[in-house]
Amino acid sequence: MENLIASSGEAKRLNSRMANRHSHRHQNRVAVRAHHVQTGMWLAQALEPNRSRSVPSPHNNSWEPQGVRKPYMDVIDVSWGDPHGGGVKPLTFVRQVLAACIYPELVESDKLPVDVKQRAQSLLSACDGGSVGSYTLSGGISYIQCSVSNFISRRDGGVPSSPENIFMTSGSQRSLMLVLKLLVHNQASLPAGVLTAVPTYSSFKMMLQRLGAAVVPYYLDEEQGWAMEVEELRRALQASKGVCNTVALYVINPGNPTGHVQSRKCIEKVIRFAAEERLFLMADEVYQESVFGEGSEFVSYKKVLSEMGPPLSHTVELASFHSASKGFMGECGLRGGYVELVNLDPAIMKYAYTIFSTDICAPVTGQLALELMANPPRPGDPSYPVYTQETQSIRAMLVHNMNWVPEFLNNIPGISCQPMMGGAFVFPRLYLPQAAIEKAKVVGMQPDLWYCKRLLEEAGVCVGPGCEYGQKEGTHHIRLCVMTPVETMEEVLKRLKNFHLHFLKEFS
Amino acid sequence: METTRLTQLHLFHSNHYNVSVLVASPLPNISWAISGTECELQKPNMTENGLGNRVLNMDTMNPNVKRVEYAVRGPIVQRALQIEKELKEGVEKPFTEVIKANIGDAHAMGQKPITFLRQVVALCAYPDLLEDDKFPEDAKNRARRILQACGGGSIGAYSASPGIEIIRQDVAKYIEKRDGGIPSNPDSIYLSTGASDAIVTMLKLLTSGEGKNRTGVMISIPQYPLYSAALAELAAVQISYYLDEDKCWSLDVNELRRAVKAAREHCNPRALCIINPGNPTGQVQSRQCIEDVIRFAAEEHLFLMADEVYQDNVYAEGCQFHSFKKVLFEMGPEYSSVVELVSFHSTSKCFMGECGFRGGYMEVVNMDPEVKLQLTKLVSVRLCPPIPGQALLDLVVNPPQPDEPSYATFIKERTANLDILAEKAKMTEQVLNTVPGIHCNPVQGAMYTFPRLSLPEKAINAAKEKGQAPDMFYCMKLLEETGICLVPGSGFGQRDGTYHFRKHHFLNLYHTLFLSLCRMTILPATEKLKVVLEKIREFHKRFTEEFS
């Protein structure tokens, strides 16, 4: 955990040093992403008490000149999946409805399209007192729960979904946490364990640690494009016997950080495995909208489960997570996520309600984002053309990056990258010279972390070190977010390549 | 120990009964299901046929969850939702709408949002509006400044886990100003998803140890159920101290001493939670009282948690809000350099009542730097608080200034909201005190009254037969007959048989209480409130007659 912290903190320090020279350049290039969200990075920030002082305010309109010379103009951060932070623009329709709900006088304005105003009106009438400032029910606004369950049914080709099984939270991570709270306790002789992929983004592992649960690692197969193999699940589960009581299987599909998308066949096998081994299935499907790889398709665990028929479809317990933070909307800051609970014991549902109600309710703006994700403009709506154009351009960006980025990386000596099928990240492997690995040992860092730190210092590019996500012993990786405007991505890869070649030279 | 205000539950009087039954028996007909208002409820086969042996069942579920109760979202509220649904379906009821006075939700009760706050947040959400001449310049400037501090200039980007830097700075400045210049450090400010998030995070940080070394946390009774729910879930030990209803729910340090002494036998008291102004009791602590509490915390080596979300809601004459931080620093370095304090605030209450935005913050004072790093790590798991909530908080702590175009309207709206709340507080107290069998203390602050009911013994027996706490029985009946949804006092913890004092005893009242109090928010619009109070008065009369 501490690893990434160091490199992200570094990114900010560098940025604030250079900020006076470039504060208004590269608006869309994360000029100063003084807000890495990655786990623990604030440790580093806390150690840098002066950093925060260089932020402009009306009282202090200038950046403190610091001016350290660097061979690059700005720091680009692609270590984190934060589309807007990386320069992707919000969808107009989403923001218009949001603004009209927040300031209902806009419903009278001639500045907004009719469908936006109508949408805002019906959403406001679903809020208590007609205000987004009211609390909602703990699961969320009923109207939006219905929209979400209809969305799920449509997505899954008619598989029914009940609004009362939908719980909205402040981001999907919060849903994950609350579901884990039901599952994990330390009152048994063995701690609870959760089968977790290697690699997996770090905050999930941190969550398990926080709850006192054991991470039961299963390895994804890099050579097979990071596919998930049931044999490996079986091995991992077997290995956990006697160490912990494995109660759940956590799956991220499309993969983070791997960019892999599971086939229906794979999902069926996983479900069967969960049923045989009596595991609670947690399917993190937040990247479901971002599947563009040739021949790949997103199929939800719920759909496959339902189509497998009884008895499995009636018995396998599944929690499926989704979010407004990813996909075309990329509205991370609004904190809208949900979980759909399937096949839970009715007695447990009562406690699920209680545990979700301790948050009182999810932020209403996040709930609104989920509504707009579930119900985008339709053909014929005044907002439809602009909406289509905007989503198409984001799609084009992603499709372009998904094809081009792995290809480019594969052409750099000493880097290999699996083809990307979906999600927001690539996770290329670095073949580091032995001398570099030795050197990293000397400075007391994981080799890929040290690599990332130098990449940041010398090229102004912030990526995530593989050790943060977990990887096979002796292999090294980096994670890059490709949900990034093409121009920025090009700059990132150009710098990465130059740096990498220099790095190889230095240690060969 | 001198005080003898507490009653031992099972000792006395004709009203005594074995209340432990009450805890174990859930209310009948509770449906956790949420009404599907706008669409047809689909009943998928997948969930209906649910009787297989589940992985997650009552035997395997985290047992701490079973102990979590959250009264403001409890069975009464769920029944209220069900009744709303029935009304929509055309079921005949003696009323046409359900009035939910269960939670402090100002906008739901008709309070209007403050124009300036909403304008700025709308501008942040849709920055194209910055070109619109209908928005005042100061609102636009605020929006530009917030957007500039957001990643990619969008409120859709994540912020740092403790919140947007400039907003933390603004919060620190606000606190400095509020406290007459006592310095506040932005690095000690953590923005949160409502105050609840921050409170739970702090409790989490404070909880450790096993057996007799398990963390004990002192909370007031009556309390806001968030505290007991969080402690139950964390399996921390709840140490109850009782507020004195006869002295307007004031806090007495001798009672704190009694509680902590008794608790040291079986746990390790580490924290003391204070809600000021009080929820649900509405008292405002005097400066002297706060000093006493701080001295007590220093003596007993307790971490102080001051829940000050109602700091602008002080109505009673002669009462004034004093922040714990200010008092602490004015007590001199002997205290100000050692006593650990965290103070919570929120956008949900006061004059703005913006609950849905889930904005809030905490300020930590004198926290061990190593622990602060752990806190920073802990908050990073939830990534970041919602940005619209952060933006709104920024406006609350940095409102329009006298030379700005929005100032006049802002002040007008702010004053109006606070005045209405004060008027309602007074009205509630006055009307309820005219009802025989209801006693209501003066509401000094916050948004609630917590009146005491004297219930006839027959009613208490009837409740017992139904396996309900008497106040739950009362509130359910009130809800069914009038559509008014109040939360029974038992959900907040209360001492038993209010008028029959015996020697004090340490009781875990959360589990054993029977109740004679009920709570209502003072939020409904003045007119509506009058109707509500009138209905309660009539109901109470009927109820008393029925059971006498």
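The values are calculated or read from the model by the stated rules, or taken from the named source; none is laboratory data. In this text, all values refer to a predicted model and were calculated from it rather than measured experimentally. Heads up, the Cβs are rebuilt from the backbone with ideal geometry, glycines too, and the neighbour counts pull from every protein chain shown. We work out accessible area using only protein heavy atoms, side chains counted, and drop any ligands, DNA or RNA first. Shrake-Rupley method; radii C 1.70, N 1.55, O 1.52, S 1.80 Å.
Within the stretch A:133-163, the residues that become at least 50 Å² less accessible when every protein chain is included than when their own chain is isolated (1.4 Å probe; DNA, RNA and ligands ignored) are A:G133, A:Y135, A:L137, A:C146, A:P160. Between their Cα atoms, which of B:K349/B:K530; B:K140/B:K412; A:K111/B:K140; A:K117/B:K173; B:K173/B:K349 are more than 27 Å away from each other? Distance filter (> 27 Å) returns A:K117/B:K173.
Of the whole protein surface, A:S109 contributes about 10 Å² of accessible area at a 1.4 Å probe radius.
For chain A, adding -39500 (n - 2.57) for each run of n ≥ 4 DSSP H residues and dividing by the number of residues yields -13500 deg cm²/dmol at 222 nm.
Here is the P(r) of the protein assembly as shown: all C-alpha pair distances, binned every 20 Å from 0, give 13, 45, 35, 7, 0 in whole percents. Beta bridges assigned by DSSP with both partners in the protein assembly as shown are antiparallel in approximately 50 percent of cases.
Straight-distance candidates among the aspartates and glutamates for linking to B:K426, with alpha-carbon spacing under 13 Å and chain neighbours fewer than 8 residues away dropped: B:E317. Between A and B, buried accessible area from a 1.4 angstrom probe totals roughly 9400 Å², ignoring ligands, DNA and RNA. Bridging of A:K505 to aspartates and glutamates at a Cα separation below 18 Å is possible for A:E438, A:D448, A:E457, A:E458, once same-chain residues fewer than 8 apart are set aside.
Amide H to amide H distances under 5 Å link A:I76 with A:V461, A:C462, where only residues 5 or more positions off or on other chains count and H is placed in the peptide plane. The accessible area of A:K494, taken with all protein chains in place and a 1.4 Å probe, comes to roughly 110 Å². Using C-alpha pairs below 8 Å separated by at least 6 residues, the relative contact order for chain A is 20 percent.
Using only the Cα atoms of the stretch A:333-436, build the gyration tensor, take square roots of its eigenvalues as a ≥ b ≥ c, and label the shape rounded, prolate or oblate: rounded if a/c is under 1.5, else prolate if a/b is larger than b/c, else oblate. Because a/c hits 1.5 or more and a/b fails to exceed b/c, the stretch A:333-436 counts as oblate.
Work through the residues other than B:E354 whose Cβ is under 11 Å from its Cβ and net out their charges, Lys, Arg +1 and Asp, Glu -1. Overall, the nearby charge balance is +2. When both bridge partners sit in chain A, DSSP labels roughly 50% of those beta bridges antiparallel.
For A:T246, the residues whose amide H sits under 5 Å from its own are A:G193, ignoring neighbours fewer than 5 places away on the same chain, with H placed 1.01 Å from N.
With K and R counted +1 and D and E -1, the other residues having a Cβ less than 12 Å from that of B:V339 yield a net charge of -3. Estimated from the Cβ-Cβ distance and a Förster radius of 41 angstrom, the FRET efficiency linking A:F507 and A:K265 is about 0.45.
Around B:F324, with a cut-off of 14 angstrom between Cβ atoms, what is the net charge of the other residues, counting Lys and Arg +1 and Asp and Glu -1?
Values: positive: B:R178, B:R287, B:R295, B:K325, B:K326; negative: B:D179, B:E291, B:D292, B:D307, B:E308, B:E330, B:E340, B:E363.
Every neighbour counted, the sum reads -3.
Can you tell me the order of B:219-227, A:196-204, B:454-462 when each peptide is scored by its average per-residue count of other Cβ atoms within 10 angstrom, highest first? Mind dumping the intermediate values first?
Numbers: B:219-227: 25.9, A:196-204: 23.6, B:454-462: 16.8.
The peptides rank, most packed first, as B:219-227, A:196-204, B:454-462.
Using a 1.4 Å probe on the protein chains only, how many percent of the accessible area of the protein assembly as shown belongs to carbon and sulfur? It is 51 percent, rounded to a whole number.
Gyration tensor over the Cα atoms of the stretch B:354-506: the corresponding equivalent ellipsoid has semi-axes (square roots of 5 times the eigenvalues, largest first) of 40, 26, 16 Å.
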